[in-house]
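As C-alpha cells, the structure follows; a few thoughts come after it.
Every read-out reported here was derived from the displayed coordinates using simple, explicitly stated rules and does not represent laboratory data. What you see is a predicted model; the values in this text were computed from it and never measured. Here Cβ is always computed from backbone atoms with ideal geometry, including for glycine, and neighbour counts include all displayed protein chains.
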Amino acid sequence: MLLTIKRIFSNLQKDRYIRYLLILPLVIVLVLIVIYPFIYSIKISFTNAYTSNYLHPKFVGLKNYIWLLRSPKFWNSVKVSLIFVGIAVFLEVLVGLGIALLVNQRLKVKKITISLLLTPMFIASAIVGIIFRLMLNELYGVIPYYLTRLGINQGLLSKRLALFTVILIDVWQWTPFVFLILYAGLQTLPIEPLEAAMVDGASKWQSFRFVVLPLLSPILAIVVVFRMMDAFKAFDKIYVLTAGGPGDTTTTINVFTYFQAYEFDNFGRACATTILFLILITILAKISMSLLYKSKLY
Amino acid sequence: MKKKKVAASILTIVVLIGIILIVNIPIVWLIMTSFKMRPDIISDHPVWIFRPTLEHYIRVLARKEVFPVDLYFSNSLIVTISTTLLAILITFPAAYSIARFNTGGRNLSFWILSIRMLPPVVFLIPIGMLFMSYHLLDTKFGLIIVYLTFNIPFATWTLKSFIEEIPREIEESALIDGAGRLGVITRVTFPLCAPGLVAVSLICFIFSWNEFLYALVLTSLRAVTMTVGTARFLTGYAIWWGDISAAATVAMIPVIVLGFLSQKYLVRGLTLGAIK
Amino acid sequence: MRIKKIIKLMSVGMLVVIILGFVGVFPVFSKSSEVTVLLQMRSGPEATAMEPVVDYWNKHYAASTGIRVRQVTISRMGYYVKLFNQLVSGTQVPDIVFPFGFGIGKIIEYLEPLNSFIEDESLFSSPQGNRYDIKDMFPAMLKSVTLNGKIYMLATDVSAPLLYYRTDLIKTPPQTWDEFIEMAKKFTKSYNPDSPTEYGTVWMAKPVLDDTLCWLEIFWAYGGSFFKEGSYEPNFNSPAGIKATEFLKKLSDSKVIPPDVVTYEYPEVLAALQTGKVAFAIEWNAAYPDLTNPKKSPKVYDKIAITNPPGVKQADGSIKRVVETHCLGLSINKNSQYKREAFKFMSWVTFGEGAKIYLDNGGIPPLFSLFTAPEAKSPLPEMAEAVGKYGRAIPVFKDQMTVIFMNTKHLNKVFIGEETPEEAMENFNNEVYELFKERGYFEEK
C-alpha cells in the first residue's frame, strides 16, 4: 500500500505530470475568482436584477445591451475614459521622460532625490482624492487661493475644468512611476552608441533623438501599456473627489458602472456595462500585448 | 564654457527641487492639516505656520468608539499579509511550471497578464452579488480572495522572471543527486528565488493595502480596512478634515515606508520582471 | 544571507498575524443570561449622540431587563451600499440598524414590521412599566416610514433644510424664492462692490441626495407632487417641476453662488457660512450647533439665525412654503435573533427617557413633548414651526432612492448648463416612468 502511494508520488514527480500539477492550484483559483464571476456576470446581464429581486431576476434578453448602446450617457462615459487615459498617459510619459533625463546626470544626492520623487505612487488613490479635495476646496483650499492670487479665477472642479483637473491629479500621482521605469531603462542602455554619436559631433538633441530614444523605445512601450492598463482602472480618486460630476464630465466607465449598480440599483444593466467594458478592454489588451511581445523584453 | 556648464547644472538643481516640491507638498499639506486646529484648517488664507495640536490624533488613535483604529489597522494587516502569502503560495509553483516547462505556452501566460488589465469594477459587481449568496460580505476571508484577482497576475509574472534567471544547471545537478522535482523546487529554487519573493510580497502588500473599491463595497462593519476606514470622516455632516488627515496619515505611513524599503525591487516588480 | 533572515522573520510575523486574524475573524459576543443587542449607527453626530444613551441604558436597565446594548459604527461613505449588503446577506447582527426615512423603501424587505411590537404593552413601555404614546411622534415622520400600513422604523432624528442668515446683515430674510435670488445679488461683490460678503448665497449642488431634497422644497411649494393623483404615474414634468428647476438655473446663471458650487454639499455650505463668505443659505438643521459654537465658528457664532425657507407667493398674497422633512431612525433586522429585546431598547430611545438624553447630546427626536417643552432650546422652537406647519416627507415606495439619484443627476446637469429645465424634467420623468414600468408599479392594484 505504502509502496504504491510512493510509486504514484514519484511518478507524479515526473516532468510530464508535475508541470500540470504545479499550475493546477493557480488554474483552479482563477476559474473560481475570475471565470466564474465572469460567467455569472454574463448571466445577470440578460436579466433585470436589482436589490429586491436579485435572487430571482427576470430574463429580459438583450434589453440591457440595447439600452446601453442607445444611451448617450454610456457613450459619454466611454469618451471620458478614453480622454482621461489618453491625455493622462501622454502627459505622464512626457513629464516622466523629462524628469528621468534630468536625474540621469551627474548628481550628488541621487538616491535621496529619486526617493523623494516617488512618494505619490505609494499613496492609496482614495487618499489622493482626499488630499486634493482638501486642497482644491474653493473656500479654504490652498490651490484656488494661490491661483486667485495669480489672477486665475477658475473653479478647477467646474464643468469645464473638472476632467482636466482629475487628469492632472493622475499625472501627479503616476508620473513618478513612469519616471522610475524610464530612469531604470536609461541606466541599462549601452554606453557605446552614445559615445560614438558624441565622437561624430552630434548635438545633445540629436544624440537623444537618434540614439537614446530608439534604444529606449521598448521600455517606453512597456510604460505606456502599464500606465494605460492602470489608468483605465482609475476609480477611487474620481469617486472621492468628484463622484463623476459635475454633470457627467468625469464619469468614466468605472464610475458609470458603479452608479448603475449601486445608485440606480440596476445590477442587470451594470453587468451588461461590465461585459461591454470587457470587450473594449480586450481589444486594447490585444494591442498592448502585441506591443509588449514586440518589445522582446518578455 | 565652464560658466555655462555651472549655470546649466544650477538650473537642473533648481528645476529638480521645484519638481520635488510639487511632488511632496500635497502630502506634506495633508500631514500639516492633521496637526492643525479647525479654525486654521478652514481659514480663508493658507496657514503655513501654526500652533500644532494632537487632538485629531487623540481622537483617531485613542477613542476607539469613535474610530476603531485597532480593528481597521489589524484588518488591513491580516487581509494584506494573508492575500500576499496566499498569492505566493499559489503562484510560485505555477510560475515555476511556466518558466521551466513553458506550460500553457504564450497564450496562458498572456491571458494571466491580461487579468491584470481588468478594472476592479468589472469583478466587483458579480463578486458582490456572489458574496451575497455565499455570505462572504463583510468578512476578511472574502477580501483576501478578492485581492487575489490583482495579486495573482502580478505575482505570477514577476516570479516567473526571477525563476528564469536561476540557472537550470543548479537544479539539474540536484536532480542527478537523486532529489525529486518537488524537492528541488522547495529546497533549491525557492531559497534561490528569495529576492523575487521579497519583491513580490512588498509590492503585493502595497497594492493590497491601498485597495479601496472592493473594501468600500464588500465590507461594512467587521472587515473594514484602514483605507476605507479613513473615508468615514468624509461626506455628509461636516468633513472633519483634521481627523481625516490624521487617519489618512496613519494609513499611508506604512506603505510609504515599505515603498522606500522596496525601492531596489520596485522597477523589476512593477514591470513584471521586464527590466532588471 | 541577510535576505534569508528577512524571509524567515517575515514568514514568522505573517504566521502570527494570520493566527491572530483567524481568532479575530469571528467576534465572540458575550453569552451570559443577558442578551446583547447590537446597535449599528452611521458615523457622524447621531452616532456620537447615541453613545451616552447606550451607556445610560446599560448602566441603569441592563441588569433589570436583561438586555445589554452594544453600539458599533460604520462609515458614511457608501453607507447605503454597506447597509444593504449586510441586510441582504442575511446576517443576524446587527439587530438594530439606522436607515434614512426615505431610504427605507429599498431595504424594506429586510426589515421587521414593528406594528405587533407597538401593540404589545409589555414592549412599548418604559422599563418602569409606563406605556409610551405613539401619538407623541410627529405624524409626518411615522407616515414617511409606513408602507401598506406597516411601520418599519422609529425616528430618532428629524432633519430638514432650513434658511440660515446673518442677523448683522439681514433684517428680514427672503420670503419667496424670487426674493432669495434678488437678495443674494445684493450680497454678491460682482453686483454690489460694497457687499460685505463675496457671494450672496450658496447651494448644496453636488449630485448627492441633499441637492434633490432642497429642490423638493421649491417643487412642492409650486404645488408639485411625485405622482399623478391616485397612481404611480410620475408627475415631475409638470409646471411645478419645471418652475422649481428654472429657479436652480436662475440661481446658477446669476452667479450669486461660488463657481464650484456643483461640488458642494453639507460641509462646504457649512464652511461657507462659517467663514463669512455668504450672507444666507439653505442648510440642514444639523448645522445649527456648529454655527452657534464660538469655538467652531468664531466669525459668525453670535450673528446666525435660522428660519423657515422661502416659499411661493399665491394669488391671494399668502406664501406657500413646504419644508422637506425626513427622519433618521432605528429599524430591526429581519434576521435578528433578539427582535423583542431590540424593540424594548428602541422604543425607550425614541419615546422614553432615552429620547431626552439623545436630545441633550445633539440628537433631534421628533416628539411633540420635547419640541414644545418650555425648556426647549433653539433650533427646536423654530423647527417645531417649520416642520410642524410646513413639513412634508417623500412618499414611500420601493425605489425612492433610485428616483432621488435620477433627479439629482438631472438637477446637476441644469446647474452646469447641459440641460434646460424643461429637458431635465422631461428626461427625468421618462426615466422614472421607464423604471416604474420595468419594476411593475403599474401592474399592482
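At 222 nm, what helix-only mean residue ellipticity would the protein assembly as shown give, in deg cm²/dmol to the nearest 500, using -39500 (n - 2.57) for each DSSP H run of four or more?
Working: 46 runs with 592 residues, N = 1019.
The helix-only estimate for the protein assembly as shown comes to -18500 deg cm²/dmol at 222 nm.
Over chain C, what is the relative contact order in whole percent, taking alpha-carbon pairs under 8 Å and six or more residues apart? If you can, show how the numbers build up before the last one.
On the way: 758 pairs, mean separation 113.0, N = 445.
Dividing the mean separation by the residue count of chain C yields 25 percent.
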Please list the non-local residues whose amide H lies under 5 Å from the amide H of C:Thr73, H modeled 1.01 Å from N, same-chain partners needing a gap of 5 or more. C:Met41
Tensor-based shape of the protein assembly as shown (alpha-carbon gyration tensor, a/c under 1.5 rounded, otherwise prolate or oblate): prolate
List the lysines whose Cα lies under 25 Å from the Cα of B:Lys264, skipping any in the same chain that are fewer than 8 positions away. A:Lys108, A:Lys110, A:Lys111, A:Lys296, B:Lys160, B:Lys276, C:Lys4, C:Lys5, C:Lys8
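Just add up the charged neighbours of B:Leu16: K/R +1, D/E -1, any other residue whose Cβ is under 15 Å from the Cβ of B:Leu16.
Details: positive: A:Arg106, A:Lys108, A:Lys110, A:Lys111; negative: none.
Neighbour charge sum, excluding B:Leu16 itself: +4.
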Along the charge dipole of the range B:60-270, which of B:Gly183, B:Asn210, B:Ile125 sits closest to the positive end, that is, farthest toward it, with unit charges on the beta carbon of Lys, Arg, Asp and Glu (+1, +1, -1, -1)? B:Ile125
Report the relative contact order of chain A, percent, no decimals, based on alpha-carbon pairs under 8 angstrom and at least 6 residues apart. 29
Sorted by chain and number, the residues with a modelled amide H under 5 Å from that of C:Leu111, at a separation of 5 or more or across chains, are C:Lys334
If you place +1 on the Cβ of every Lys and Arg and -1 on the Cβ of every Asp and Glu, how big does the dipole about the Cα centre of chain C come out, in debye to the nearest 20? 1580
Please report Rg over Rh for the range B:134-194, where both radii come from the alpha carbon positions and Rh follows the Kirkwood definition. 1.22
Per-residue HN-Hα couplings for the range C:136-148 [Karplus 6.51, -1.76, 1.60; θ = phi - 60°; Hz; x = Gly/Pro]: 5, 7, 3, x, 4, 6, 5, 5, 6, 10, 10, 10, 6
Lys and Arg at +1, Asp and Glu at -1: neighbours of A:Met228 with Cβ under 14 Å from its Cβ sum to +1
Bounding extents of the range B:2-58 in its principal axis frame from Cα atoms, largest first in Å, are 55, 23, 15
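Only loop residues by DSSP count here, and only those with at most 16 other Cβ atoms within 10 Å; note down the GluC sites (Glu not before Pro) in the range C:382-423 that meet that. List each step's numbers first, then the result.
Working: sites: C:Glu382, C:Glu385, C:Glu418, C:Glu419, C:Glu422, C:Glu423; in loops: C:Glu418, C:Glu419.
Sparse-neighbourhood loop GluC sites (Glu not before Pro): C:Glu418.
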I'd like the distance separating the alpha-carbon centroids of the range C:391-415 and the range B:50-95, in whole Å. 37
Could you give the angle, 0 to 90 degrees to the nearest 10, between helix B:194-210's Cα long axis and the longest principal axis of the Cα atoms of chain B? 40
Once phi for every residue in the range C:324-330 is put through the Karplus expression 6.51 cos²θ - 1.76 cosθ + 1.60 (θ = phi - 60°), the whole-Hz ³J(HN,Hα) values, with Gly and Pro written as x, are 5, 10, 9, 10, 10, x, 10
For the range A:126-133, Karplus couplings with θ = phi - 60° (6.51, -1.76, 1.60), whole Hz, Gly/Pro x: 4, 6, 4, x, 5, 4, 6, 5
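Could you line up B:Tyr265, A:Tyr293 from fewest to most neighbouring Cβ atoms inside 10 Å?
Values: B:Tyr265 19, A:Tyr293 13.
Fewest-to-most ranking of B:Tyr265, A:Tyr293: A:Tyr293, B:Tyr265.
Neighbour counts of other C-beta atoms within 10 Å: give me C:Ile96, B:Ile166, B:Ile206 arranged from fewest to most. If you can, show how the numbers build up before the last one.
Numbers: C:Ile96 27, B:Ile166 17, B:Ile206 24.
In increasing order of surrounding Cβ atoms, one gets B:Ile166, B:Ile206, C:Ile96.
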Taking the dipole about the Cα centre of the protein assembly as shown, with the C-beta of Lys and Arg at +1 and of Asp and Glu at -1, give me whichever of A:Ile23, C:Phe405, A:Ile83 is farthest to the positive side. A:Ile23
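Can you pick out the pairs among C:Lys143/C:Lys249; C:Lys135/C:Lys344; A:Lys58/B:Lys140; A:Lys237/C:Lys413; C:Lys277/C:Lys313; C:Lys334/C:Lys409 whose Cα atoms lie more than 27 Å from each other?
Numbers: C:Lys143/C:Lys249 32 Å; C:Lys135/C:Lys344 18 Å; A:Lys58/B:Lys140 32 Å; A:Lys237/C:Lys413 22 Å; C:Lys277/C:Lys313 29 Å; C:Lys334/C:Lys409 32 Å.
From C:Lys143/C:Lys249; C:Lys135/C:Lys344; A:Lys58/B:Lys140; A:Lys237/C:Lys413; C:Lys277/C:Lys313; C:Lys334/C:Lys409, over 27 Å: C:Lys143/C:Lys249; A:Lys58/B:Lys140; C:Lys277/C:Lys313; C:Lys334/C:Lys409.
Assuming a ≥ b ≥ c are the square roots of the Cα gyration tensor eigenvalues, decide whether chain B counts as rounded (a/c under 1.5), prolate (otherwise, with a/b larger than b/c) or oblate. Display every interim value, and only then the final one.
Details: a/c = 2.51, a/b = 1.38, b/c = 1.82.
Taking the square roots of the gyration eigenvalues as a ≥ b ≥ c, chain B is oblate.
Would you mind classifying chain A by shape? Square roots of the alpha carbon gyration tensor eigenvalues, ordered a ≥ b ≥ c; an a/c under 1.5 is rounded, otherwise it is prolate if a/b is larger than b/c and oblate if not. Walk me through the numbers before you get to the answer.
Details: a/c = 2.16, a/b = 1.10, b/c = 1.96.
Oblate is the answer for chain A, as a/c is 1.5 or above yet b/c matches or exceeds a/b.
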Output for the range C:29-77: chymotrypsin sites (Phe, Trp or Tyr not before Pro) sitting in coil per DSSP, at most 14 other Cβ within 10 Å, listed by number, reads C:Phe29
Please report the spacing between the Cα centers of the range C:152-231 and the range C:283-348 in Å, no decimals. 15
Under 17 Å from the Cα of A:Lys79 - lysines, other chains or at least 8 residues apart: A:Lys159, A:Lys233
Have a look at B:Ala8, B:Ile22, B:Trp48 and report the one farthest towards the positive end of the charge dipole of the range B:2-58, computed about the Cα centre with Cβ charges (Lys/Arg +1, Asp/Glu -1). B:Ala8
Debye, to nearest 20: dipole size of the protein assembly as shown, +1 on Lys, Arg Cβ, -1 on Asp, Glu Cβ: 3840
Simple spin-label estimate for B:Leu21 and A:Trp75 in nanometres, 7 Å along Cα-Cβ: 4.7
Compute the distance from the alpha-carbon center of the range B:124-161 to that of the range A:109-150, in whole Å. 31
Roughly how many nanometres apart are two label points built 7 Å out from the Cα toward the Cβ at B:Arg168 and C:Lys59? 7.7
What's the magnitude of the charge dipole for the range B:60-270 around its Cα centre, counting Lys and Arg as +1 and Asp and Glu as -1 at the beta-carbon? Answer in Debye, nearest 20. 140
Can you give the local net charge around C:Asn192? Use residues other than it whose beta-carbon is closer than 13 angstrom to its beta-carbon, Lys and Arg +1, Asp and Glu -1. +1
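Relative contact order for chain B: what is it in percent, counting Cα pairs under 8 Å that are at least 6 residues apart?
Computed over chain B, the figure is 28 percent.
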